């Protein structure tokens, strides 16, 4: 099978099952892509801010859960916004949530760092769509 | 002898003749054609004073009066034309040797044709005395005519101006004076003003209008001497150069100025100018003075007439005014003549009784016919009393007119006595007060209504003067102060509501309202009533001028809004509470849907993975075990949900009196292991409020969750200490729960700290349901919970229960 996407994936969600589902699906489509999952948002932030993706030709796709204890997905985005180390052009950020509240969708749509909103669960089809957008 | 006798006789006769001729006042002159005498009779000396030889050197035209020269020429012409015929009737003036002019009456005959005479014979005599006498007679006649006409004018004129104009006209026409004028002095006698004139040239009129006069001139003289002024030779005698030159220019040679008097006082002048010198001789003066006196007399009469007319008009005016005033005021007057037993009524009095206005004389006691039957006894009593004592009286009663209408009247009567002190009449006034009485009753009624309303309404009404003294208070206001309205009036605020701290503030406010005239509204005046209860008033204060006085005060109306405020506050609280509950519910459903969806999404994801190709057995095993975990989570959420709904639906569950001690003991027992393991110290003090009526299981749950949380989020570097206290205030029971754990960052989480599935620490195994459950339990029992916290210092929960519940 040929690789259809060269970029890496980072998933930040406090729910480990969701992280498992996401990485399994992504592996099926992009077996060679690097996939990093974090259940503690601050760990994920730390990784993103220190990860050197200079070698990559494609953007790193970040799937970010909204509802997490202590630090929400929005908090994570705030950290990126105010951080000098965040390389905005290297990332395509998608909010990944089981929320069906329109408030969250609208906020995602208007947030300058966010490329889109994906409703859980992540599916093969939604991964294809993600990649096609890059 | 005869001859000698004849001679003698002839001589005697001739001498006698000569003597006669010499002594005669007649004279003869024979003139040449050119008027030069070549013979004159010796008697001519008697007539003209010239000796014969001197006269023979003269020409008759040279000694003729210049004014008579023309007529002399005329006569000579006539004489020349009629030879031999004696021409009579020439009277003219010839200059006497002594310089005077003599009037001569001459008969002139042309005898040129007679060779023995060959001249013009002029036979003449001196008639000067006759002419003078005639002249004086004429003069006198003229003056008498003048006076007679002046007197006619006095009789026939009605006004001063008319009289003056006529007098001036008569003076020049009949009196034959050259010019006359009448002037009036101003009040301080410094100027005289032309009122009437005759023959003053139009261009000169201004010179006579309101002119000042010299004290030593004619007008000054008549004022200082109170007598007429006469100047019989203006050119020689008049001391005023301007006037003299003016008089000469206009041909005035002599003048007389007569004073005109009103009631003996000089008010004007009558000036007369003549074109002859020495015109005003004694006789002339006497007659003119008589004329001036007649004019003065006429002025007195005219003035008296005028004053009487004015007085008459005034009287008529005041009588009319009285009639009108009586009609306007419904005030009638009457007079009883006790001798004749008649009453004279004024028009208005007749109108009041409904009697015809043109029958002022009535029977003395006619008024009794109209007295209202109900008042009759009283009226008769008063009448009898006054008649007995001759006392004055004043009383009200009613009358019934013939048409049946009833009037209220007020009668005042007084006796009038004769010189002997016997009563001769009664006079008085009658006032129709029906309308006044009606108006008065209406006013009283509306005042009573107003008072009733004022005292019925719950609003508190008051009025205060500039010094803060009450000038009015209604019943409601007085009751508020524990007084009667009449007790408050004249008191100050301090004397009425001594405990009020704001009295000074309100006094200043009131003064400002009076000074500026701008109303003031206090939306919230707090005041403790007699029972010490706090009450709130809404007051409106306006500037107000006391009727009947000019005093400005403040009129205020206060409405008790305590209850309104309380319900408003209650309503606001309820509303806020409901909004909060609604928000909570929204949040609840949001969280529930999210937390239900998360596991569902996982199930969907896992099953899709299992259905996809390329799964290893290991993969499948993982998916299945994760499916099981997910199903467990789902189950948990549904259980939580159930529990929460259970609390909410059990709000009316059985309440009982429980002690905090026993509840805390139960909780500690159930988590005894944890407390022991973590060395948690619990300090409880319920001495002030040891017990509470509540749902016991809820209170247990509240403390269980609080203590569990404190242990769960204890600070790793210190021993966990929990303190619990309870105490009572007037209307609530308060529980204060404190720990010294990690705390919660309220800057970040304040809004959602009590939210469902909200977790603020990622390092512990909390579900995020504890605080939500605590809040739900507290609120279900009607309480409130507040959280205060500082990160790394701990939390303080304050729970309040209203004691009334």
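The values are calculated or read from the model by the stated rules, or taken from the named source; none is laboratory data. Keep in mind that what you see is a predicted model, and the values were worked out from it rather than measured. As a convention, Cβ positions derive from the backbone with ideal geometry for all residues, glycine included, and neighbour counts pool all protein chains shown.
Just checking, how many residues over the range A:1-34 are assigned to a loop (DSSP other than H, G, I, E, B) and either facing chain B (nearest Cβ under 9 Å) or touching a residue at least 40 places away in the same chain (Cβ under 8 Å) (or both)?
Total meeting the criteria: 9.
Please state which of the following conditions residue B:355 fails to meet, knowing it meets all the rest: (1) assigned to a loop (DSSP other than H, G, I, E, B); (2) touching a residue at least 40 places away in the same chain (Cβ under 8 Å).
Unmet for residue B:355, out of (1) assigned to a loop (DSSP other than H, G, I, E, B); (2) touching a residue at least 40 places away in the same chain (Cβ under 8 Å): (2).
Check off (1) in a loop (DSSP other than H, G, I, E, B); (2) crowded, with 16+ Cβ neighbours inside 10 Å; (3) away from chain A (no Cβ under 13 Å); (4) out of contact with any strand residue (DSSP E or B) (no Cβ under 8 Å at 6 or more places or on another chain) for residue B:777 and give me the number that stays unchecked.
(1)
With the requirement that a residue be more than 11 Å from chain A (Cβ to nearest Cβ) and surrounded by 12 or more Cβ atoms within 10 Å (Cβ to Cβ), what does the range B:632-642 give you?
Once the filter is applied, which keeps residues that are more than 11 Å from chain A (Cβ to nearest Cβ) and surrounded by 12 or more Cβ atoms within 10 Å (Cβ to Cβ), the range B:632-642 yields B:634, B:636, B:637, B:638, B:640, B:641.
Any residue in the range B:488-507 that is over 30 Å from residue B:397 (Cα atoms) and within 32 Å of the chain's Cα centre (by Cα)?
The answer is no; no qualifying residue exists.
What residue, of B:371, B:411, B:336, is within 22 Å of residue B:322 (Cα to Cα), surrounded by 17 or more Cβ atoms within 10 Å (Cβ to Cβ) and in contact (Cβ under 8 Å) with a residue 24 or more places away in the chain?
When all the criteria are applied, what remains is B:336.
Looking only at the range B:270-288, count how many residues are assigned to a helix (DSSP H, G or I) and either under 16 Å from residue B:164 (Cα atoms) or not assigned by TED's automatic domain parsing to the domain that holds residue B:221 (or both).
Number satisfying all stated conditions: 1.
Can you report the number of residues in the range B:25-50 which are touching a strand residue (DSSP E or B) at 6+ places or on another chain (Cβ under 8 Å) and in a loop (DSSP other than H, G, I, E, B)?
So the count comes out to 5.
Given the residues B:157, B:190, which is the only one that is assigned by TED's automatic domain parsing to the domain that holds residue B:224 and either surrounded by 22 or more Cβ atoms within 10 Å (Cβ to Cβ) or within 16 Å of residue B:297 (Cβ to Cβ) (or both)?
The match here is B:157.
Out of the residues in the range A:77-105 that are more than 14 Å from chain B (Cβ to nearest Cβ), modelled with pLDDT of 90 or more and closer than 29 Å to residue B:753 by Cβ, which is surrounded by the fewest Cβ atoms within 10 Å (Cβ to Cβ)?
A:82
Kindly indicate which of B:575, B:627 is more than 8 Å from chain A (Cβ to nearest Cβ) and surrounded by 14 or more Cβ atoms within 10 Å (Cβ to Cβ).
Among B:575, B:627, only B:627 is more than 8 Å from chain A (Cβ to nearest Cβ) and surrounded by 14 or more Cβ atoms within 10 Å (Cβ to Cβ).
Given (1) under 20 Å from residue B:344 (Cβ atoms); (2) without any contact (Cβ under 8 Å) to a residue 12 or more places away in the chain; (3) surrounded by fewer than 13 Cβ atoms within 10 Å (Cβ to Cβ), identify the lone condition not met by residue B:387.
Failing condition for residue B:387: (3).
Starting from the range B:154-177, take each residue that is outside any loop (DSSP other than H, G, I, E, B) and list its partners that are surrounded by fewer than 18 Cβ atoms within 10 Å (Cβ to Cβ), counting only C-beta distances under 7 angstrom and pairs at least six apart or across chains.
B:154/B:294; B:163/B:157; B:166/B:157; B:172/B:199
Take the range B:439-479 and flag every residue that is free of Cβ contacts under 8 Å to residues at least 24 places away in the same chain, surrounded by 19 or more Cβ atoms within 10 Å (Cβ to Cβ) and in a helix (DSSP H, G or I).
Of everything in the range B:439-479, those that are free of Cβ contacts under 8 Å to residues at least 24 places away in the same chain, surrounded by 19 or more Cβ atoms within 10 Å (Cβ to Cβ) and in a helix (DSSP H, G or I) turn out to be B:476, B:478.
What do you reckon, is residue B:140 in contact with a helix residue (DSSP H, G or I) (Cβ under 6 Å, 6 or more places away or on another chain), in the same structural domain as residue B:283 (by TED's automatic domain parsing) and either over 30 Å from residue B:103 (Cα atoms) or not in a loop (DSSP other than H, G, I, E, B) (or both)?
no
Can you name the residue in the range A:57-76 that is more than 12 Å from chain B (Cβ to nearest Cβ) and modelled with pLDDT of 85 or more and, of all such residues, is farthest from residue A:127 (Cα to Cα)?
Going through the qualifying residues, I end up with A:76.
In the range A:117-134, which residue that is within 12 Å of chain B (Cβ to nearest Cβ) and in a helix (DSSP H, G or I) is surrounded by the most Cβ atoms within 10 Å (Cβ to Cβ)?
Ranking the qualifying residues of the range A:117-134, first place goes to A:127.
Within the range A:45-52, can one find any residue that is touching a helix residue (DSSP H, G or I) at 6+ places or on another chain (Cβ under 7 Å), within 14 Å of another protein chain (Cβ to nearest Cβ), crowded, with 19+ Cβ neighbours inside 10 Å and closer than 29 Å to residue B:613 by Cα?
No, because not a single residue in the range A:45-52 is touching a helix residue (DSSP H, G or I) at 6+ places or on another chain (Cβ under 7 Å), within 14 Å of another protein chain (Cβ to nearest Cβ), crowded, with 19+ Cβ neighbours inside 10 Å and closer than 29 Å to residue B:613 by Cα.
Could you tell me which of the residues B:565, B:581, B:597 is in a helix (DSSP H, G or I), closer than 30 Å to residue B:456 by Cα and not assigned by TED's automatic domain parsing to the domain that holds residue B:469?
Going through B:565, B:581, B:597 in turn, just one is in a helix (DSSP H, G or I), closer than 30 Å to residue B:456 by Cα and not assigned by TED's automatic domain parsing to the domain that holds residue B:469: B:565.
Would you point out the residue of the range B:761-774, among those that are in a loop (DSSP other than H, G, I, E, B) and modelled with pLDDT of 75 or more, that is farthest from the other protein chains (Cβ to nearest Cβ)?
Result: B:769.
Name the pairs: first residue in the range A:97-112 and within 11 Å of residue A:74 (Cβ to Cβ), second residue at pLDDT 90 or above and part of a helix (DSSP H, G or I), Cβ to Cβ under 7 Å, at least 6 apart or on different chains?
A:111/A:77
From the list B:196, B:227, B:214, pick out the single residue that is touching a residue at least 24 places away in the same chain (Cβ under 8 Å), under 50 Å from the mean Cα position of the chain (by Cα) and not in a helix (DSSP H, G or I).
From the options B:196, B:227, B:214, the qualifying one is B:196.
Show me the helices (runs of 4 or more DSSP H) found entirely inside the range B:643-757 where at least 2 residues are over 30 Å from residue B:583 (Cβ atoms) and over 60 Å from the mean Cα position of the chain (by Cα).
Of the helices (runs of 4 or more DSSP H) lying wholly inside the range B:643-757, those with at least 2 residues that are over 30 Å from residue B:583 (Cβ atoms) and over 60 Å from the mean Cα position of the chain (by Cα) span B:660-670, B:672-678.
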